[in-house]
Every structure is written in C-alpha cells, then in structure tokens.
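Engineer: The structure is given below, and queries will be raised subsequently.
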Amino acid sequence: MNKIMGRVTDRRTDFCAVTAAHLTAKNALVVLEDFKTRRMTASACGTLAEPGSRVVQKRGLNRAILDKGWHRLERAPTRVARYTGTRVVKVNPAYTSQRCAACGFVTETNRESQAVFRCKAAGCGHTAHADVNAAINIKHAAGHAVSACGDLGNSRSVKQEPEGRATGRTPA
C-alpha cells in the first residue's frame, strides 16, 4: 500500500511542477486565490461540552482537500517564479463566485448551480459559466482589468515587457 501511495504522491508532485513551469513560462503574472487550506481543513469535532456538528461530512471534505494537494499546487508557482521572473499575486477569494463580472452586483442567488452564473441585478442579466465569471473577478481584484502596459491599443506599446522566457513570446 505504501508503494502505491508513494506513486500517487509522486504523480501529484510531478503534476504540480509541470503546471507551475507551464504557467510561469507563458505568463509574466500569475493570479491565485489565497486559500487558507489550514483553516479550511480544521477539525469540526469541537469539545466534550460543545460537540461539533456534521463531523463525518467535514472529515470527508478535509480528506478530499488534503488529498488533492491544493496547498502544494499553490506553492509550486511561487517556487518556480523565482527563476522565471514571473510575479505571483494572491487574491482574497471572498465573494468571487457570487459577484457579477459585468456590473459588480453580489448576492448568493447569482450562482444558480456549480456551473451556471446568472446576475439577478435589475437591468443586468449577465450570464456566464460560474468558474469563468469567478476568474474574471479574481483578475479584476488583482488590479489587472486593463493590460499590463496600461493601454488598450492594437499596436505594440513602447511600455511593453521585454520579449523572452518570462513573457512566453519569442523575439521577432
């Protein structure tokens, strides 16, 4: 059993390393949600005086979070970014899946299901995949709603980052 679990661990480590290398080689900026995995996986058992509720479900959720290696996947781009010059920014994940990317309206009912986002604000009606909407909100929260150069023109800006490995573009 230890041999099999060792192979699973090695595969997860390899996946994190390959994903981090790909992200940092192709992008000058990587934006991540700042998940507090330690707090998310805290025990729900409580004390003898005040026992916790839904302890079995919480144990299963904790096992799933720890098993997938969220923290390892979060650390990997930070380690690789030191060598590629990529900036890694962590954003507070609060309300990113409930906020409308078009108008900014926040309510729990905006996210109808795991995949469907539909804004309930009067006059908006924005519809998108829930994860895409959340990713746009994370990008906006990082302060990068416009291009890194600060302009929206079609031609190459004089303020553009130099071409090379960190930006993922090859010199012309």
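The values are calculated or read from the model by the stated rules, or taken from the named source; none is laboratory data. In this text the structure is predicted, and so the values were computed from the model without any measurement. Here Cβ is always computed from backbone atoms with ideal geometry, including for glycine, and neighbour counts include all displayed protein chains. Surface accessibility is based on the protein's heavy atoms, side chains included, excluding ligands, DNA and RNA. Shrake-Rupley method; radii C 1.70, N 1.55, O 1.52, S 1.80 Å.
Engineer: Looking at segment 89-120, which of its residues are under 30 Å from Ser43 (Cβ atoms) and surrounded by 13 or more Cβ atoms within 10 Å (Cβ to Cβ)?
Structural biologist: Restricting attention to segment 89-120, the residues satisfying the condition of being under 30 Å from Ser43 (Cβ atoms) are 90-98, 108, 111, 113-114.
Correct list: Lys90, Val91, Pro93, Tyr95, Thr96, Ser97, Gln98, Arg111.
Engineer: Of all the residues that make up segment 34-43, how many are in contact (Cβ under 8 Å) with a residue 40 or more places away in the chain and open to solvent by less than 50 Å² (accessible area, probe 1.4 Å)?
Structural biologist: Quick first cut of segment 34-43, residues in contact (Cβ under 8 Å) with a residue 40 or more places away in the chain only: 34-35.
From what's left, open to solvent by less than 50 Å² (accessible area, probe 1.4 Å): 34.
Counting residues in segment 34-43 that are in contact (Cβ under 8 Å) with a residue 40 or more places away in the chain and open to solvent by less than 50 Å² (accessible area, probe 1.4 Å) gives 1.
Engineer: Look through Gly52, Gly46 and report the one residue that is loosely packed, with under 13 Cβ neighbours inside 10 Å and in contact with a strand residue (DSSP E or B) (Cβ under 7 Å, 6 or more places away or on another chain).
Structural biologist: Gly52
Engineer: Provide a single number: the residues in segment 58-74 that are surrounded by 14 or more Cβ atoms within 10 Å (Cβ to Cβ), not in a loop (DSSP other than H, G, I, E, B) and not hydrophobic (A, V, I, L, M, F, W, C).
Structural biologist: 6
Engineer: While we're on this one: Is there a residue being part of a helix (DSSP H, G or I), over 26 Å from Arg87 (Cα atoms) and not β-branched (Val, Ile, Thr) anywhere in segment 48-57?
Structural biologist: Checked against the condition, which is being part of a helix (DSSP H, G or I), over 26 Å from Arg87 (Cα atoms) and not β-branched (Val, Ile, Thr), segment 48-57 yields at least one hit.
Engineer: In segment 1-38, what count of residues is obtained for those that are closer than 23 Å to Lys139 by Cα and hydroxyl-bearing (Ser, Thr, Tyr)?
Structural biologist: Number of matching residues: 3.
Engineer: Sort out which residues of segment 14-33 are touching a Gly at 6+ places or on another chain (Cβ under 8 Å) and open to solvent by 50 Å² or more (accessible area, probe 1.4 Å), and write them in order of number.
Structural biologist: The answer is Lys26, Asn27.
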